[in-house]
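No value in this document is a laboratory result; all are computed from the given coordinates. Everything quoted here is computed from the prediction, not taken from an experiment. Cβ coordinates were reconstructed from backbone atoms using ideal geometry, including for glycine residues, and neighbour counts include every protein chain displayed.
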Amino acid sequence: MAKVIECDGEFVGGIGIQPQSGWKQHMAEVGYWVGEEYWGRGIAPEALAAITDTAFSCLGYKKLFAQVLGPNETSMRVLEKCGYRLEGVLEYEVFKSGQFFDVYQYARYRR
């Protein structure tokens, strides 16, 4: 499920959930982005809170997770504002633009 993020009627980003399958069918991965000119307005936390609520209350997921590249501390704060907690760090997980990055995995549960 993917959604457009709008602000004042303008397209400013996107958010979605990717269902997992098999023995992980109770969970989904969350991903989002907001255009840089719209950062700092609370748009990402609002969108994440809304899709998290929908995923738990309407779609029946028990766990949502998101992965963030190490340098992206702003995205980590967005997740934390919405009740996601750091589950672990995958060291040297991504090789991008000539360097390695750690990946931080965040999750939120509905019990």
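A few notes on this one:
- Taken over the chain, the alpha-carbon convex hull comes to 117 cubic angstrom per residue.
- If the segment from R77 to V4 were pulled out straight at 0.36 nm per residue, it would be longer than the present Cα-Cα gap by 24.2 nm.
- Working ranking of peptides 97-103, 64-70 by packing, defined as the average number of other Cβ atoms within 10 Å per residue, highest first, is 64-70, 97-103.
- Highest mobility in the GNM of the chain, judged by mean-square fluctuation with C-alpha springs under 10 Å and restricted to E73, E36, E46, is found for E36.
- Charge context of I17, other residues only, Cβ under 15 angstrom, K/R +1, D/E -1: +4
- Based on C-alpha pairs under 8 angstrom that are at least 6 apart in sequence, the chain has a relative contact order of 21 percent.
- Phi-based couplings in Hz for region 37-51 (Karplus 6.51, -1.76, 1.60; Gly and Pro marked x): 5, 10, 5, x, 9, x, 5, 4, x, 5, 5, 5, 4, 5, 6
- Rough spin-label spacing in nm, given labels placed 7 Å along Cα→Cβ, for T54 and Y92: 4.0 nm
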